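Novice: Below are the structure tokens for one structure; questions will follow.
The values are calculated or read from the model by the stated rules, or taken from the named source; none is laboratory data. Note that the coordinates shown come from a computational prediction; the quantities given were computed from them, not determined experimentally. Note: ideal-geometry Cβ built from the backbone for every residue, glycine included; neighbour counts use all protein chains shown. Just the protein is used for accessible areas: all its heavy atoms, side chains included, with ligands, DNA and RNA removed. Shrake-Rupley method; radii C 1.70, N 1.55, O 1.52, S 1.80 Å.
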Amino acid sequence: MNLKKKLLVTAIIFVIAIVFSTNYFAEEVWKITSLDWQPYSGSDMSSQGNSVQLLKKLLSKEGITLKVEFYPWKRSQQLAKTSDYIGYFPAWPEEVTEGFIASKPVDWSIIAIMKKTNKTIKFTTIDELFKNHKIGLVDYTYPEEITNAMKKYPNNIDISPTEVTLLKKLDKDRVDIGITDPNVMQYLAAQEGIKDIETVKVIMKKELVIALRNDKENKVKIDMINKILGKK
């Protein structure tokens, strides 16, 4: 083999080595959809939200870069069905829709009863609360204890498309009670300059999970992320 051929072969081998080593060491990029649900997730927050930031840190330790795209909640759930995304986050387990599977918990949320400070609300059970008061909720899928009461007293239910809408209805006395995460409501109240919203009672603590697209193409990522979350 003459010198020119040797140099050509060497150059080809060198290029191939660079390509393979670059691909091997390059970070893997995953994409999810999310919603503005501050302080857990938010397009206008420098961290993109406390829960999103936590998930990013956990994945980055394994060489995975997480890209987050924010949309209205229903749109986020719909887009996550496509192969461009691994799923949507954050979600309560009840919000993991058909075609998706819940990851292990990434973070935790709270569901609580909230009211204006000048209102007096008396109740002993969730059933009694729904029976005697106008209840404001957001267009989410709530846990069974709440959804059962919603079905039983539909005339006392007011559904808002967003947390901000619920906050404003609560502030204007259009509903007696708001049921949602108090961290979200108080964050938004501070943004809106509303100072008279308080938590009456915490109903439950809820896992925040990733709704992972449940198909063969996503199987490796599902197994990987549950392994990562299992170590935290």
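Novice: With the condition kept exactly as written, say whether any residue in the stretch 123-135 is closer than 30 Å to ILE86 by Cβ, in contact with a Phe, Trp or Tyr (Cβ under 9 Å, 6 or more places away or on another chain) and buried (at least 17 other Cβ atoms within 10 Å of the Cβ).
Specialist: no
Novice: Additional query: Out of the stretch 147-193, which residues are β-branched (Val, Ile, Thr) and either farther than 23 Å from LYS131 by Cα or open to solvent by less than 10 Å² (accessible area, probe 1.4 Å) (or both)?
Specialist: Matches in the stretch 147-193: THR162, VAL164, VAL175, ILE177, ILE179, THR180, VAL184.
Novice: Residues that are open to solvent by 40 Å² or more (accessible area, probe 1.4 Å), within 13 Å of the chain's Cα centre (by Cα) and on the phi < 0 side of the Ramachandran plot: does the stretch 79-92 have at least one?
Specialist: No, the stretch 79-92 contains no residue that is open to solvent by 40 Å² or more (accessible area, probe 1.4 Å), within 13 Å of the chain's Cα centre (by Cα) and on the phi < 0 side of the Ramachandran plot.
Novice: Then there is this: Which residues, taken from the stretch 153-179, are of a type in the set (A, V, I, L, M, F, W, C) and over 23 Å from the mean Cα position of the chain (by Cα)?
Specialist: Once the filter is applied, which keeps residues that are of a type in the set (A, V, I, L, M, F, W, C) and over 23 Å from the mean Cα position of the chain (by Cα), the stretch 153-179 yields ILE157, LEU170, VAL175, ILE177.
Novice: I want to confirm something. Restricting to the stretch 194-207 and keeping residues that are in a loop (DSSP other than H, G, I, E, B) and closer than 19 Å to PRO39 by Cβ, which single residue is least open to solvent (accessible area, probe 1.4 Å)?
Specialist: ILE194
Novice: Among ILE110, ILE146, which is assigned to a helix (DSSP H, G or I) and hydrophobic (A, V, I, L, M, F, W, C)?
Specialist: None of the other options fit; the residue is ILE146.
Novice: Given the residues LYS61, LYS104, LYS57, which is the only one that is at pLDDT below 95, open to solvent by 10 Å² or more (accessible area, probe 1.4 Å) and within 21 Å of GLY230 (Cβ to Cβ)?
Specialist: None of the others qualify; the one that does is LYS61.
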